[in-house]
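Here is the structure we will look at.
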Amino acid sequence: MTRPADIDVRPITEAEFPDWHRALNTGFLMPPAVTAEQLEARRNLFVPGRSAGAFDGERCVATFRSFDQEITAVGGALVRADAISNVTVTATHRRRGLLTRMMARDLAAAKDRGDVVATLIAAEYPIYGRYGFGPATTMTEWTVDVPRAGLDRRWAAPEDGGRIDLVDGEDVRKLGPELHERLRRAQPGAVSRAELWWLTRTGVLNLNGSPWTEPFYALYRSADGAVEGLAAYKADDHWGDAKQPLNTATVDWLLAVTPAAERALWHYLCSIDWVMTVKSGWRSPDDLLPHLLPDPRAARITTQADWLWVRILDVVRALEARTYEGRGSLVLEVVDRGGLTGGRWRLEAGPDGAACTPTTESAQLVLDVGELAPLWLGDESAVRLAALGRVREERAGAARVADALLRTSRRPWCPDMF
């Protein structure tokens, strides 16, 4: 067995990209062989210095990639983020500290660049807490029993004077980015989308090598013609023994910047001929969907889990970037075993802004940097974390003060996988 010290962790070169990609496929239990077409498409993801590998001799045995991103803080500020993806360690080389070395290198570089947070989607729950990440948003998927929903199956158009049209990929590439920009500036936890996202989701680029099947795209315009919603969905072909349609429509993604657009798109999806079931795709846990149906019980939760994980790299800039509905102060002691942003801070916050400054005052609330992430986006209760033993009150009532300052009226949500 090669000693960990003899395994070289370094940024990969373009010439090493095929071997790196083979290790990536192996780590995700996909066919290891990489086609020339797949490599050519995936080179669009390659940024010098931001893709790392661990090499045992000539062989790549671990992969890691990061890229620039923005995440929306509570109140709409766009915060610089280091987005982490493509993390694998080959099964033959686990438990040798390879991920720890790649992560430490990347987070230190992100801190030096001035990134405020790091983000990732965790395939497995236990891995990333030890690096200071915390689960900051949740995703929920509903399965709608259409006949039970209580909607008029003859429905053909929104009742608010708007309209829904089926469009093609070119329309999506033209209208989608501006719509998403409006959504993400209003949705805490949402992240930026590069042009590459739209190219892959409309079939211009194929990164995974599987055959491309174009989905249906439904566009909602308000009564005055403004684009306010867009959904991509696919349908299967399933018929019962009595020649009854039992098809399922599965939503790939749905963007809506107004409740009217959201209502119209869900009602449309539940009115398509032959569709008996609608799968919602990954939605916010407080999504309006169930209560847009006359019978909310027709929408049952089929998946609910942590989604976006966040690692705070700069406590001061993170807490000063977001808004606060109430007014108050809190002395926080943030414990960071990674040594990137620990310390004791006084947060003075109100509707007119916030100031977060170092202090020598006694801490009122002590927490790990990983527990700060869900509090920062407003999705967690400090009182709940205290009950779980994950934050410690040094002054009675400090957790309630934290909740009054940090919790939000709507839950954060990240619509994206990356």
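Structure notes:
- All positions within the range 123-173 that are surrounded by fewer than 18 Cβ atoms within 10 Å (Cβ to Cβ) and under 30 Å from L98 (Cα atoms): A123, E124, Y125, P126, I127, G129, R130
- Filtered residues of the range 80-120 (kept if surrounded by fewer than 20 Cβ atoms within 10 Å (Cβ to Cβ) and hydrophobic (A, V, I, L, M, F, W, C)): A91, A104, A108, A109
- In the condition set (1) part of a strand (DSSP E or B); (2) in contact with a Lys or Arg (Cβ under 7 Å, 6 or more places away or on another chain); (3) more than 29 Å from G189 (Cα to Cα), T250 is compliant with all but (3).
- A373 being in a loop (DSSP other than H, G, I, E, B), open to solvent by less than 30 Å² (accessible area, probe 1.4 Å) and modelled with pLDDT of 95 or more: no
- Residue in the range 16-24 that is under 27 Å from the mean Cα position of the chain (by Cα), modelled with pLDDT of 95 or more and assigned to a loop (DSSP other than H, G, I, E, B) present: no
- Residue in the range 251-276 that is farthest from V144 (Cα to Cα), counting only those that are surrounded by fewer than 18 Cβ atoms within 10 Å (Cβ to Cβ) and among the β-branched types (V, I, T): T258
- Counting only strands (runs of 3 or more DSSP E) wholly contained in the range 101-194, the ones carrying 3 or more residues that are touching a Leu at 6+ places or on another chain (Cβ under 8 Å) occupy 117-121, 163-167.
- Restricting attention to the range 302-329, the residues being more than 19 Å from the chain's Cα centre (by Cα), surrounded by fewer than 19 Cβ atoms within 10 Å (Cβ to Cβ) and more than 30 Å from A109 (Cβ to Cβ) number 5.
- Each residue in the range 265-297 was checked for being assigned to a loop (DSSP other than H, G, I, E, B), under 19 Å from P158 (Cα atoms) and either in contact with a Pro (Cβ under 7 Å, 6 or more places away or on another chain) or β-branched (V, I, T) (or both), and 2 of them qualify.
- Residue list for the range 48-62, restricted to those being more than 19 Å from M103 (Cβ to Cβ) and either part of a strand (DSSP E or B) or of a type outside the set (G, A, S) (or both): P48, E58, R59
The values are calculated or read from the model by the stated rules, or taken from the named source; none is laboratory data. Quick caveat: nothing in here was measured; it's all calculated off a predicted structure. Counting neighbours? That spans all protein chains shown, and the Cβs are built from the backbone with ideal geometry, glycine included. To get the accessible areas, we keep the full protein, side chains included, count just its heavy atoms, and leave off ligands, DNA and RNA. Shrake-Rupley method; radii C 1.70, N 1.55, O 1.52, S 1.80 Å.
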